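Accompanying notes for the structure given below.
The values are calculated or read from the model by the stated rules, or taken from the named source; none is laboratory data. Note that the structure is predicted; figures quoted are calculated from it, not measured. Counting neighbours? That spans all protein chains shown, and the Cβs are built from the backbone with ideal geometry, glycine included.
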Amino acid sequence: MNAPLSNLQTRDLASVLHPYTPLHKIHETGPMIIDHGKGVFVYDTQGNEYIEGMSGLWCAGLGFGDEELVQAAHEQMQALPYYHQFGGKGTEPAIELAEKLKELAPVPISKVFYTSSGSEANDTQVKLAWYYNNAIGRPEKKKIISRIKAYHGVTLMTASLTGLPANHRDFDLPLDRVLHTDCPHYYRFGEGGESEAEFLTRIVQNLRDLIEREGGDTIAAMIAEPVLGAGGVIVPPAGYYPAIQEVLDEHDIYLIGDEVITGMCRTGNWWGSETMNMKPTTISVAKQLTSAYAPLGAVLIPEFMVEVLEAQSAKIGTFGHGFTYGGHPLGCAVGVKTLEIYQSRNILAHVRSIVPTFEARLAKLADHPLVGEVRNSGLVGGIELVADKAQKTPFAPAAGVGPTCSRLLEGHGAISRALGDTLALCPPMVITADQLNTLFDRIEKALDETEHWVSNEGL
Ligand SMILES: Cc1ncc(COP(=O)(O)O)c(C=O)c1O
C-alpha cells in the first residue's frame with residue numbers, strides 16, 4: 001500500500017486538498033489512486049484489487065463499469081451535453097426522471113426540484129421551509145430540528161444541521177435556527193439499566209421538551225435520515241419515527257426525509273422511510289439515484305407546498321432559486337437508466353436475497369473481542385470497535401483504531417470507511433453472496449490484526 005509514489009501520485013499530493021482526510025498525515029502515505037473498476041471491484045495504480053465495501057461513498061449501488069449506464073451517459077452527451085431548467089426551459093431526461101420519481105415516491109409528491117448533490121438538496125429543503133412559512137404568514141416558524149450524529153451535508157446550513165463536531169469546529173458553525181435533539185442510538189446513549197423502550201420514551205420526551213422550550217411556532221421542520229449513515233450507521237429503535245412524528249404533528253412541524261443514502265433499495269425497500277415506518281413530507285435524494293455515475297440530487301415536493309410556491313411566484317414574479325447544474329441532462333439520463341436497471345434487474349429482490357448473508361456475517365463479528373456492536377438496515381451496516389466490550393468503553397479518538405483497522409483491511413484487498421471507530425459497510429447492491437463472504441473473511445483478518453496492534457500499542 002505504501003509503495004513508492006509514481007509521478008501521478010506525486011503530482012496529486014501537491015495539487016489536491018483531500019476532503020475528510022488527516023491533512024497532516026497524507027504526506028507520509030500518499031493518496032491511494034484508484035484507476036478503474038469493474039463490478040464490486042476497484043483497482044489502484046499499483047494494480048491492487050479491492051472489494052469496494054462502501055460503494056465509494058454509499059453511492060455506486062450498481063458497482064463499477066456497468067455498460068448500460070456508460071452507454072446511456074454516452075448517448076446523452078452526444079445528444080445534448082448540457083441544458084438547464086431556468087426560465088421555464090427543460091430537458092426530456094429531467095422530465096422523465098421526475099415522472100419516475102413521483103411514481104416511486106413513498107408519499108404523494110407533486111414536483112421534483114433538481115440539484116447536483118445531497119448537500120444542495122438539503123440546503124434547498126431549508127430554503128423551501130423558510131420560504132413556505134414566509135409565504136403563508138408564519139415568519140417566526142423557521143427553526144429546523146436535527147439530531148446529534150446526523151449527517152446532512154457540508155454547505156453552511158447543511159453542515160449546521162449535521163450533528164458531528166468536526167463539521168462545526170473552527171468553521172464557525174452551527175448557524176442559528178438549528179436545534180439538535182438526541183441521537184436515537186440505544187447502545188451508545190442508553191443510560192445504565194435503561195431498557196430500549198425506556199430509552200425511546202426518554203428521547204421522545206426530550207424532543208417534546210425541546211419543542212415546548214423553543215416554542216412550536218418557531219420550528220418549521222425536522223430533518224432525519226431514516227437510518228443515520230455517516231454518524232456511524234445508526235438504526236433507531238422500532239417505533240421511533242411514529243413516536244416522534246406524533247410530537248411533531250402536534251406542533252405542525254413537518255418531517256424532511258433525508259434519503260440520500262437510504263433511498264433506492266439500500267435498506268431492503270425502495271425507501272428507508274418504508275423500512276423505518278417514517279412518513280416524510282418532503283424527501284431529499286442523491287447518490288444511488290444515478291448509482292453515482294453522474295452527480296445529481298433532487299428534492300421531492302408535495303402539492304400543498306407547490307401551490308404555495310406558485311402563489312408566491314404570482315406575487316414576486318419568479319421563484320428565486322436554482323443551480324446551474326441542477327437537473328443536468330447527463331445526471332438525469334443516467335438517473336433514468338439507473339432506475340430502469342433497478343427495476344429490470346430486480347435489484348430490490350437481489351438485496352433482500354443477500355441481506356441474510358450480510359446479517360449472519362455481521363452477527364459472527366459481534367463475537368470478536370474488539371467489536372462492541374454490529375448493526376445494519378438491509379445492506380448498510382456498521383461495526384463499532386471498543387476498548388472494553390463489557391463496559392462499552394470507546395477507544396480514545398486520537399488512537400485512531402478505526403482508521404487503522406480500515407487501513408489494515410485495505411492491505412487484505414477490501415475498502416470500508418472508518419467513521420471514528422465504527423467501520424461502515426455499504427457494498428454495491430449487485431454484490432453476490434460469495435463476494436460478501438470474501439469481504440467478511442478479509443474483515444475478520446483485519447480485525448485480528450487490529451487486535452494485535454491494539455495490544456502492542458497498549459491501547
Ligand atoms: C444522508 C446524507 N445526506 C446528505 C449528504 C450530502 O451529500 P453530498 O455529499 O452529495 O453533498 C450525505 C453524504 O454523504 C448523506 O449521507
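Assorted remarks:
- Conditions (1) more than 25 Å from residue 327 (Cβ to Cβ); (2) of a type in the set (D, E, K, R); (3) assigned to a helix (DSSP H, G or I); number of the one not met by residue 100: (1)
- Answer residue from region 417-459, given it is touching a residue at least 24 places away in the same chain (Cβ under 8 Å), small (Gly, Ala, Ser) and assigned to a helix (DSSP H, G or I) and is nearest to residue 389 (Cα to Cα) among those: 446
- Region 277-292 - residue that is surrounded by fewer than 24 Cβ atoms within 10 Å (Cβ to Cβ) and in contact (Cβ under 8 Å) with a residue 40 or more places away in the chain and, of those, nearest to the ligand (Cβ to nearest atom): 292
- Screening the candidates 387, 414 for the property of being surrounded by 22 or more Cβ atoms within 10 Å (Cβ to Cβ), small (Gly, Ala, Ser) and in contact (Cβ under 8 Å) with a residue 40 or more places away in the chain yields one hit, 414.
Every residue, every condition in (1) over 15 Å from residue 339 (Cα atoms); (2) of a type outside the set (Val, Ile, Thr); (3) within 16 Å of the ligand (Cβ to nearest atom), yes or no:
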{"site": "64", "(1), (2), (3)": "yes, yes, no"}
{"site": "78", "(1), (2), (3)": "yes, yes, no"}
{"site": "93", "(1), (2), (3)": "no, yes, no"}
{"site": "117", "(1), (2), (3)": "yes, yes, yes"}
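- Hits in region 133-154 - residues which are out of contact with any Asp or Glu (no Cβ under 8 Å at 6 or more places or on another chain), more than 16 Å from the ligand (Cβ to nearest atom) and in a loop (DSSP other than H, G, I, E, B): 136, 137, 139, 142
- Region 422-445, residues that are more than 18 Å from the chain's Cα centre (by Cα) and not polar (S, T, N, Q): 430, 431, 433, 434, 436, 439, 440, 441, 442, 443, 444, 445
- Residue within region 38-60 that is of a type in the set (Ser, Thr, Tyr), away from the ligand (no atom under 16 Å from the Cβ) and without any contact (Cβ under 8 Å) to a residue 60 or more places away in the chain present: yes
- Residue in region 372-386 that is among the small types (Gly, Ala, Ser), in a helix (DSSP H, G or I) and more than 18 Å from residue 188 (Cβ to Cβ) present: no
- With respect to (1) away from the ligand (no atom under 14 Å from the Cβ); (2) touching a helix residue (DSSP H, G or I) at 6+ places or on another chain (Cβ under 8 Å); (3) at negative phi, the lone exception for residue 258 is condition (1).
- Residues located in region 133-154, provided they are under 18 Å from residue 298 (Cα atoms) and buried (at least 22 other Cβ atoms within 10 Å of the Cβ): 151, 152, 153
- Under the condition of being more than 16 Å from the ligand (Cβ to nearest atom), under 13 Å from residue 277 (Cα atoms) and not polar (S, T, N, Q), the residues counted in region 196-253 number 8.
- On inspection, residue 127 does not qualify as within 16 Å of the ligand (Cβ to nearest atom) and crowded, with 19+ Cβ neighbours inside 10 Å.
One line per residue, one yes/no per condition, for (1) more than 16 Å from the ligand (Cβ to nearest atom); (2) closer than 30 Å to residue 131 by Cβ; (3) within 24 Å of the chain's Cα centre (by Cα):
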{"residue": "298", "(1), (2), (3)": "no, yes, yes"}
{"residue": "306", "(1), (2), (3)": "yes, yes, no"}
{"residue": "325", "(1), (2), (3)": "no, yes, yes"}
{"residue": "350", "(1), (2), (3)": "yes, no, yes"}
{"residue": "371", "(1), (2), (3)": "yes, no, yes"}
{"residue": "385", "(1), (2), (3)": "yes, no, yes"}
{"residue": "390", "(1), (2), (3)": "yes, no, no"}
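- Residues that are out of contact with any Asp or Glu (no Cβ under 8 Å at 6 or more places or on another chain) and either part of a strand (DSSP E or B) or surrounded by fewer than 23 Cβ atoms within 10 Å (Cβ to Cβ) (or both) within region 39-57 comprise 39, 46, 47, 48, 49, 51, 52, 54, 56, 57, listed in sequence order.
- Screening region 226-317 for strands (runs of 3 or more DSSP E) wholly inside it with 2 or more residues that are out of contact with any Pro (no Cβ under 7 Å at 6 or more places or on another chain) and not aliphatic (A, V, I, L, M) returns the ranges 254-258.
- With respect to being touching a Phe, Trp or Tyr at 6+ places or on another chain (Cβ under 6 Å) and surrounded by fewer than 24 Cβ atoms within 10 Å (Cβ to Cβ), residue 269 falls outside the description.
- Test result for residue 255, without any contact (Cβ under 8 Å) to a residue 40 or more places away in the chain and within 30 Å of residue 20 (Cα to Cα): yes
- Residues in region 155-188 that are of a type in the set (Val, Ile, Thr), surrounded by 19 or more Cβ atoms within 10 Å (Cβ to Cβ) and within 16 Å of the ligand (Cβ to nearest atom): 158, 162, 178.
- Which listed residue, of 40, 16, is among the β-branched types (Val, Ile, Thr) and at pLDDT 95 or above: 40
- Check on residue 112, outside any helix (DSSP H, G or I) and more than 16 Å from the ligand (Cβ to nearest atom): yes
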